[in-house]
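Comments concern the structure below.
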Amino acid sequence: IPMVENVEECTHLLVPQLDVTRKLVHGLVSGCWLGALDYIQQIKVHPYTHTVSDPTVARISEYIQNLEYMPVPQRPELPANSPIDLSNVSWLPDRRRQHLFDAKMFVFVDKTQYDKYLPVIKKSGGSCVMLPNVEEWVQSPNHSTSELEAQ
């Protein structure tokens, strides 16, 4: 089973627990199956064994998507310290998540964070805007902190 860094190349996202991270949200929006880390062991003991010739990520993804008898991944552990009750959330793939952020705009003041979150926000229907460098703006002689707070 190939491991990839880019969630968009995944069919399954395996995580130790369901902490709400950028990768988890990206996996949900991309329609990935979410599973506990032991999913690989579930597959190994599965009664059907097949070999995929030329095992590229695309070929294996296509093969997995066409299977009807793959085991359903076990849900990863729920975090004990979650501020919301995640036990009733469906973690199965759901195309409706591609509209999770429809008509929502996310405002960033840090270019690194903007670049990091832009793909998942756009994929789920939202938009992003990057404000000018706030520190430079506040330090300029024509602006004050109170003006920034008023905006």
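What about P83, is it in contact with a Phe, Trp or Tyr (Cβ under 6 Å, 6 or more places away or on another chain), modelled with pLDDT under 90 and under 23 Å from G27 (Cβ atoms)? No; evaluated as a whole, the condition is false for this residue. So is I64 β-branched (V, I, T) and under 19 Å from the mean Cα position of the chain (by Cα) or not? For I64, the condition - β-branched (V, I, T) and under 19 Å from the mean Cα position of the chain (by Cα) - is not met. Inspection of the stretch 59-74 identifies no residue that is under 16 Å from V7 (Cα atoms), surrounded by 12 or more Cβ atoms within 10 Å (Cβ to Cβ) and modelled with pLDDT of 85 or more.
Looking across the stretch 5-18, the residues that are at pLDDT below 80, touching a helix residue (DSSP H, G or I) at 6+ places or on another chain (Cβ under 8 Å) and open to solvent by 30 Å² or more (accessible area, probe 1.4 Å) come down to E8, E9.
Yes/no per residue for (1) open to solvent by less than 40 Å² (accessible area, probe 1.4 Å); (2) modelled with pLDDT of 85 or more; (3) assigned to a loop (DSSP other than H, G, I, E, B); (4) under 23 Å from Q113 (Cα atoms):
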{"position": "M3", "(1), (2), (3), (4)": "no, no, yes, no"}
{"position": "V20", "(1), (2), (3), (4)": "no, no, yes, yes"}
{"position": "L24", "(1), (2), (3), (4)": "yes, yes, no, yes"}
{"position": "G27", "(1), (2), (3), (4)": "yes, yes, no, yes"}
{"position": "Q41", "(1), (2), (3), (4)": "no, no, no, no"}
{"position": "H46", "(1), (2), (3), (4)": "yes, no, yes, no"}
{"position": "T51", "(1), (2), (3), (4)": "no, no, yes, no"}
{"position": "P55", "(1), (2), (3), (4)": "no, no, yes, no"}
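Residue count for the stretch 76-88 under the criterion of being out of contact with any strand residue (DSSP E or B) (no Cβ under 6 Å at 6 or more places or on another chain) and open to solvent by 60 Å² or more (accessible area, probe 1.4 Å): the result is 6.
The values are calculated or read from the model by the stated rules, or taken from the named source; none is laboratory data. Bear in mind that the values here come from a model prediction, so they are computed numbers and not experimental data. All Cβ positions, glycine included, derive from the backbone under ideal geometry; neighbour counts span all protein chains shown. Protein only, heavy atoms only, side chains kept; ligands, DNA and RNA dropped before computing areas. Shrake-Rupley method; radii C 1.70, N 1.55, O 1.52, S 1.80 Å.
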